[in-house]
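Beneath this line is the structure, given in structure tokens, with notes to follow.
The values are calculated or read from the model by the stated rules, or taken from the named source; none is laboratory data. As the structure is a prediction and not an experimental result, all values here were calculated from the model. Using ideal geometry, Cβ is built from the backbone for each residue, glycine included, and neighbour counts are taken over all protein chains shown.
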Amino acid sequence: MRAVRRLLERIRRSWPEAAGDAGSAVLEFLALSVVLLVPLVYLVLVLGRVQAATFAAEGAARTAARAYVVADTPSQGAARAVASVGLALEDQGFDDDPDGALTLTCSSAPCLRPGSEVAARVDVLVPLPFVPAFVRSVVPLEVPVSAERTAAVDTYRAAP
């Protein structure tokens, strides 16, 4: 019991000396958390947008290739593919032009010939969030994301 009393007495004697630092730990914590948390939150936002673009590009390329190969004519297939890319990009919050984002290539001269393949490539530019427009005009601050999918035209379909 005496040891505890001695320890408490020592703590009481040293307390006034430490009272001069009161409140500095809170300021240090706030400063350090701002320095570390702000970049971390920004990184999470950027990675979230890049992931959304990846998801949109993958889905858009897959549905565009499928929509093209089930169409009756190449022009109808291209219109369906562009529409499906527009839906996929809009679903993830991107306002890119679907016609400019989509590139279709065919493995044979008539695109919808049975047994041929159609490749759809979707390119999306992800702008970095919270970057002012005047900075964007000087330095391109966008992350390019692309996806490519191939779909086969059914071997037993009627030739166009």
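The figures follow:
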item	result
Members of the range 143-155 found to be under 22 Å from the mean Cα position of the chain (by Cα) and either farther than 29 Å from Val70 by Cα or exposed (fewer than 13 other Cβ atoms within 10 Å of the Cβ) (or both), listed by number	Val143, Pro144
Of all residues making up the range 93-134, the number that are β-branched (Val, Ile, Thr) and within 22 Å of Gly48 (Cα to Cα)	4
Pairs with Cβ under 7 Å, 6+ apart, first in the range 49-63 and over 14 Å from Asp95 (Cβ atoms), second part of a helix (DSSP H, G or I)	Gly59/Ala88; Thr63/Ser84; Thr63/Ala88
Residue check for Val69: on the phi < 0 side of the Ramachandran plot, over 17 Å from the mean Cα position of the chain (by Cα) and of a type in the set (A, V, I, L, M)	yes
Flag for Tyr156 being part of a loop (DSSP other than H, G, I, E, B) and more than 30 Å from Val44 (Cα to Cα)	yes
Hey, Ala78 touching a residue at least 12 places away in the same chain (Cβ under 8 Å) and in a loop (DSSP other than H, G, I, E, B) or not	no
Within the range 116-142, considering residues that are touching a residue at least 24 places away in the same chain (Cβ under 8 Å) and outside any strand (DSSP E or B), the one surrounded by the fewest Cβ atoms within 10 Å (Cβ to Cβ)	Phe130
Any hit, the range 40-54, residues being crowded, with 20+ Cβ neighbours inside 10 Å, modelled with pLDDT of 95 or more and part of a helix (DSSP H, G or I)	yes
Breaking point among (1) modelled with pLDDT of 95 or more; (2) among the small types (Gly, Ala, Ser); (3) under 30 Å from Tyr42 (Cβ atoms), for Ala83	(3)
Residue among Arg113, Arg80, Arg62 that is surrounded by 14 or more Cβ atoms within 10 Å (Cβ to Cβ), of a type in the set (Lys, Arg), within 30 Å of Tyr156 (Cα to Cα) and under 19 Å from the mean Cα position of the chain (by Cα)	Arg62
Residues of the range 88-115 classified as without any contact (Cβ under 8 Å) to a residue 12 or more places away in the chain and part of a helix (DSSP H, G or I), total	2
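For every residue, the table says whether it meets (1) under 20 Å from Phe130 (Cβ atoms); (2) aromatic (Phe, Trp, Tyr); (3) in contact with a Lys or Arg (Cβ under 6 Å, 6 or more places away or on another chain).
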site	(1), (2), (3)
Phe29	no, yes, no
Val44	yes, no, no
Ala65	no, no, yes
Asp97	no, no, no
Thr103	no, no, yes
Cys111	no, no, no
